[in-house]
Amino acid sequence: MLKKLTATLLASSILAGSAWAETTVTAVMHSGLRVLDPVMTTAHITRDHAYMIYDVLIAQDSEFQPQPQMADWEISEDQKTYVFTLRDGLKFHDGEPVTAADAVASLKRWAENDAGGQVIMDRTESLEATDDKTITWVLSEPFVPMLDVLSKQSALPPFIMPARVAETPADEPITDYTGSGPFRFVEEEFQPGVSVTYEKNPDYVPRDEPADWMAGGKVVNVDKVKWVNMADIQTAVNALMSGEIDYIEQMQVDLLPLLEGDPNVVVEVREPTGMQTMTRLNFLHPPFDDPKIRQAALAAISQEPVLAAMIGNPEYYQICGAVLGCGTPLGSETDADTLTGGGGMEKAKALLEEAGYDGTPVVLMAPTDLVALATQPVVVSQMLRDAGFTVDMQPMDWQTLVTRRAGQAAPADGGWNMFITNWMVPEISNPISNPMLNGRGNDAWFGWPTDEKIEQLKAEYIAAEDLDAQKQVSDKIQAHAIENVLLVPLGQYSLPQARRSTITDMINSPVPVFWNLKKTE
Amino acid sequence: MLGYILRRILAVIPVMLLVAVFVFLLLRLTPGDPAAIIAGDMATPAQLERIREAMGLNQPLHVQFFTWVGQLLRGDLGTSLISSTPVAGMIADRMGPTLAIALLTILMSVALAIPMGVIAAWKHRSGADYAVMTFSVLGFSVPVFVIGYVFILLFSLKLGWFPVQGYTPISEGLVAFLKNAFLPALTLTTIYVALIARMTRANMLEVLGEDYIRTARAKGAPEHRVLFRHALRNAAVPILTVIGTGFALLIGGVVVTETVFNIPGIGRLTVDAILARDYPVIQAMILLTSFLYVLVNLIIDLSYTFFDPRIRY
């Protein structure tokens with residue numbers, strides 16, 4: 001009787017203990033989650049959501065190297081056949097096992113929308129599930145960056161979904177959010193743009209290796225993660241100080257002094273490469289249809305004033321003239337001296353005179369509703385004016401900008417000459433995935449350069465046999481991109497994150513992830 | 001009376017139809033592309049085109065309009081272009097917090113402003129009058145976000161009495177609801193108290209100068225009876241109008257207050273939808289807001305008869 005009572009008490013205390021120990025991490029991310037299909041959008045918040053609930057075949061580590069995640073791989077000697085083998089214990093949230101057929105369907109849907117995926121598919125002879133655990137991918141010619149593309153962490157990583165979901169056309173949103181990742185999406189608690197809740201997936205079997213960026217074991221140490229969207233960063237800061245939330249993904253640098261004296265809050269840069277801010281010119285219309293005038297614009301622009309106005313504190317920005325980003329394996333700063341060091345104004349004036357610039361106004365679209373893009377146009381337009389350009393800076397909201405930039409009309413008829421945007425460095429660190437290095441005219445990214453040489457250099461990059469050879473080609477790509485002004489890099493910055501000191505062991509990957517971390521009371 | 005109400009309700013139909021046409025055209029003439037929001041910055045022009053096609057945004061305007069009106073007539077507000085969730089569900093989720101904050105604000109405002117306005121008029125040009133007027137000017141002049149931040153700093157961060165942000169529905173308990181809703185309602189109350197107190201004071205001053213007030217006092221009626229029975233009731237019609245339109249404004253969404261206190265109300269839903277050019281959500285919100293305005297105005301008009309028996313419909 002006594003034994004029974006003791007056992008009952010013990011059991012109930014364990015149950016009570018586990019209920020008591022339920023931990024929820026409440027986080028304020030950089031924006032609210034609205035789109036749930038990670039193949040339809042390159043929005044970072046959707047990618048972050050996808051990393052919570054889906055898993056990937058292979059993943060990038062902190063050395064930018066591909067590592068096994070759901071699968072490991074073998075490559076044939078002729079480098080044309082890749083065989084991926086799924087590891088044991090992989091299950092979707094509905095209890096069904098993950099099969100090679102699911103992976104094949106997911107990869108095919110992903111490749112329809114991803115630029116890198118399209119390049120691979122152009123070289124694909126067959127992609128099929130040869131048995132339940134084996135995916136065999138046969139290429140018509142070797143493609144050395146294959147694993148880099150498949151393991152990339154942004155913008156569109158190939159997430160694995162059940163085949164029934166992956167059969168949805170790539171331009172229609174999925175409506176079934178079953179994944180096999182370390183967390184489960186709690187659909188009934190989802191409020192678009194307001195909050196989203198994830199529960200720990202008890203069936204998830206993490207890899208044995210320690211977590212390293214997106215690679216390694218995804219060990220979940222909390223029961224729930226809740227993302228709450230706060231439109232006002234000041235509200236988020238107040239909530240962090242009062243302990244109502246645990247984490248802010250992106251802090252505004254000017255608000256950091258509010259948190260610096262708080263012993264319960266830790267402010268830190270999650271990863272050093274951060275974001276690249278850059279400007280894109282329109283190659284179709286005067287004055288930037290003239291390469292000399294594009295070069296004049298590049299010579300007039302110096303990064304330091306742009307970054308100082310945008311971020312302020314030099315601790316959080318980095319002068320960087322690399323088209324492919326600094327701190328990346330392929331980043332090179334060749335020919336970017338005036339950007340990084342300034343002093344190009346005389347050269348800019350001389351180039352303008354040489355080109356016979358007639359004062360055609362430069363229509364610079366300036367979004368006023370996004371803090372991360374509001375200051376750069378003001379500084380850049382002043383530098384261009386100093387060099388002798390006539391600048392028509394047109395303030396507008398971001399939505400108007402994205403609509404206008406898609407149009408090829410002349411600037412006087414509602415078109416444009418110039419705009420500024422920001423990228424996550426890993427997204428632009430590879431010549432194949434970097435949208436600005438597409439030289440295929442009307443099929444290129446907004447600005448539409450027709451540039452055969454950049455396409456040749458990218459073909460050289462694809463054929464390069466190893467990292468050293470890739471670096472050599474990347475150096476040429478850098479020099480050419482600067483010479484033809486495919487973009488003007490304006491520097492790199494990292495917005496620090498802030499967390500309660502009770503949150504520990506966060507992974508410092510560019511993509512914010514919630515496995516590995518612990519929360520103590 | 002019943003005939004009047006019926007006529008007013010029927011009059012809503014052409015108003016709503018006009019609003020529908022106007023909103024639809026205005027949105028389509030505004031630059032913006034929901035496909036670009038969905039696809040993100042890396043999307044190529046061809047990819048955007050495919051998404052536009054799939055969402056039906058490439059169809060002629062009149063086809064899009066009649067598809068939408070057809071849905072409306074079937075009671076279907078459509079589906080969000082961005083999140084692919086039903087608009088009716090999104091609005092239902094966000095209406096609760098907005099209505100709750102609006103009701104609490106109006107209750108607090110009326111409870112404070114009417115006595116303040118009556119006292120200010122009664123003690124015209126006294127210290128009390130100047131105090132009410134000073135408060136009113138301040139309530140109008142200080143931006144609502146500043147008041148919100150000051151309250152958060154004082155009551156949440158310094159004193160720790162209330163949470164900084166968030167919303168708890170009343171279904172989870174009155175105390176939990178009030179803990180979250182009190183500060184935002186108090187913030188809005190400062191404005192509405194200023195508005196209603198001034199209006200009450202002005203109308204009371206006018207009425208208190210009337211002959212029948214002098215008569216009431218002459219026949220020995222107690223002062224509270226003179227103020228509340230004779231004066232306030234006669235001054236009530238314009239005050240009611242202010243309260244009613246104030247309530248309509250509140251349920252239309254108070255974006256700044258919702259943002260400062262992170263309340264998931266319909267104000268932020270509307271602004272987010274506008275920024276993302278989520279046409280079905282914007283259209284539904286404007287239609288709904290217009291309908292609520294018409295409805296609140298009808299209720300105000302009907303309530304006049306309760307306070308002023310001379311008004312007949």
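For the reader, a short list of remarks on this structure follows.
- Hits in region A:391-448 - residues which are closer than 20 Å to A:T368 by Cα and of a type in the set (S, T, Y): A:T400, A:T403, A:T421
Each row is one residue, and each column tells you yes or no for (1) modelled with pLDDT under 90; (2) buried (at least 22 other Cβ atoms within 10 Å of the Cβ).
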residue	(1), (2)
B:P169	no, no
B:K179	no, no
B:L188	no, yes
B:Y212	no, no
B:A231	no, yes
B:T241	no, no
B:L249	yes, no
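Condition check ((1) surrounded by fewer than 19 Cβ atoms within 10 Å (Cβ to Cβ); (2) of a type in the set (V, I, T); (3) without any contact (Cβ under 8 Å) to a residue 40 or more places away in the chain) across all residues:
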{"position": "A:T197", "(1), (2), (3)": "no, yes, yes"}
{"position": "A:K218", "(1), (2), (3)": "no, no, no"}
{"position": "A:N221", "(1), (2), (3)": "yes, no, no"}
{"position": "A:G243", "(1), (2), (3)": "yes, no, no"}
{"position": "A:D246", "(1), (2), (3)": "no, no, no"}
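- Options B:I282, B:I263: the member that is open to solvent by less than 30 Å² (accessible area, probe 1.4 Å), β-branched (V, I, T), within 14 Å of another protein chain (Cβ to nearest Cβ) and not in a helix (DSSP H, G or I): B:I263
- Among the residues here, B:F162 qualifies as buried (at least 19 other Cβ atoms within 10 Å of the Cβ), outside any helix (DSSP H, G or I) and among the hydrophobic types (A, V, I, L, M, F, W, C).
- Among the candidates A:Q252, A:Q191, A:Q234, the residue that is more than 14 Å from every other protein chain (Cβ to nearest Cβ), surrounded by fewer than 22 Cβ atoms within 10 Å (Cβ to Cβ) and farther than 27 Å from A:A101 by Cα is uniquely A:Q252.
- The lone exception for A:M70 - which of (1) under 28 Å from A:T328 (Cβ atoms); (2) within 18 Å of the chain's Cα centre (by Cα); (3) open to solvent by less than 20 Å² (accessible area, probe 1.4 Å) it fails: (2)
- Options B:T168, B:T187, B:T200, B:T241; residue that is within 14 Å of another protein chain (Cβ to nearest Cβ), in a helix (DSSP H, G or I) and in contact with a helix residue (DSSP H, G or I) (Cβ under 8 Å, 6 or more places away or on another chain): B:T187
- Being in contact with a His (Cβ under 9 Å, 6 or more places away or on another chain) and of a type outside the set (D, E) holds for only one residue in A:R164, A:R123, A:R109, A:R184, and it is A:R184.
- The residues of region A:255-280 that are open to solvent by 10 Å² or more (accessible area, probe 1.4 Å) and among the small types (G, A, S) amount to a single one, A:G261.
- The combined condition, being surrounded by fewer than 18 Cβ atoms within 10 Å (Cβ to Cβ) and touching a strand residue (DSSP E or B) at 6+ places or on another chain (Cβ under 9 Å), is not fulfilled by A:E427.
- Residue match in region A:432-440 (condition: touching a residue at least 24 places away in the same chain (Cβ under 8 Å), within 14 Å of another protein chain (Cβ to nearest Cβ), among the aliphatic types (A, V, I, L, M) and more than 22 Å from A:A299 (Cα to Cα)): yes
- The number of residues in region A:363-399 being open to solvent by less than 20 Å² (accessible area, probe 1.4 Å), assigned to a helix (DSSP H, G or I) and either touching a strand residue (DSSP E or B) at 6+ places or on another chain (Cβ under 7 Å) or facing chain B (nearest Cβ under 9 Å) (or both) comes to 7.
- Search result, residues across region B:116-159 that are among the basic types (K, R) and either within 12 Å of chain A (Cβ to nearest Cβ) or not in a loop (DSSP other than H, G, I, E, B) (or both): B:K158
- Whichever residue in region A:467-506 is part of a loop (DSSP other than H, G, I, E, B) and open to solvent by 10 Å² or more (accessible area, probe 1.4 Å) and, among such residues, is nearest to A:L284 (Cα to Cα): A:N484
- Enumeration of residues in region A:400-411 that are more than 8 Å from every other protein chain (Cβ to nearest Cβ), free of Cβ contacts under 8 Å to residues at least 60 places away in the same chain and buried (at least 19 other Cβ atoms within 10 Å of the Cβ): A:L401, A:R405
- Restricted to region B:1-67, the set of helices (runs of 4 or more DSSP H) holding at least 3 residues that are more than 14 Å from chain A (Cβ to nearest Cβ) and within 33 Å of the chain's Cα centre (by Cα) comprises B:2-29.
- For beta carbons closer than 8 Å, sequence separation of 6+ or different chains, a first residue in region A:469-491 that is free of Cβ contacts under 8 Å to residues at least 40 places away in the same chain and a second that is of a type outside the set (G, A, S) and in a strand (DSSP E or B), there are no qualifying pairs.
- Criterion (among the acidic types (D, E) and touching a strand residue (DSSP E or B) at 6+ places or on another chain (Cβ under 8 Å)) met by exactly one of A:D131, A:D61: A:D61
- Residue among B:S109, B:S80, B:S84 that alone is within 26 Å of the chain's Cα centre (by Cα), at the interface with another protein chain (Cβ under 9 Å from one of its Cβ atoms) and hydroxyl-bearing (S, T, Y): B:S80
- If the condition is being among the β-branched types (V, I, T), open to solvent by less than 40 Å² (accessible area, probe 1.4 Å) and part of a loop (DSSP other than H, G, I, E, B), then region A:128-178 contributes A:T168, A:I174, A:T178.
- Every residue from region A:343-360 that is assigned to a loop (DSSP other than H, G, I, E, B) and surrounded by 16 or more Cβ atoms within 10 Å (Cβ to Cβ): A:G344, A:Y357, A:T360
- The set of residues in region A:483-521 being closer than 30 Å to A:F419 by Cα and among the aliphatic types (A, V, I, L, M) consists of A:V485, A:L486, A:L487, A:V488, A:L490, A:L495, A:V511.
- Condition met for A:W445 (within 9 Å of chain B (Cβ to nearest Cβ) and part of a loop (DSSP other than H, G, I, E, B)): yes
The values are calculated or read from the model by the stated rules, or taken from the named source; none is laboratory data. Everything numeric here is computed off the predicted structure, so don't read it as measured data. Methodologically, a virtual Cβ is constructed for each residue, glycine included, from the backbone with ideal geometry; neighbour enumeration extends over all protein chains shown. In case anyone asks, the SASA skips ligands and DNA or RNA and just uses the protein heavy atoms, side chains included. Shrake-Rupley method; radii C 1.70, N 1.55, O 1.52, S 1.80 Å.
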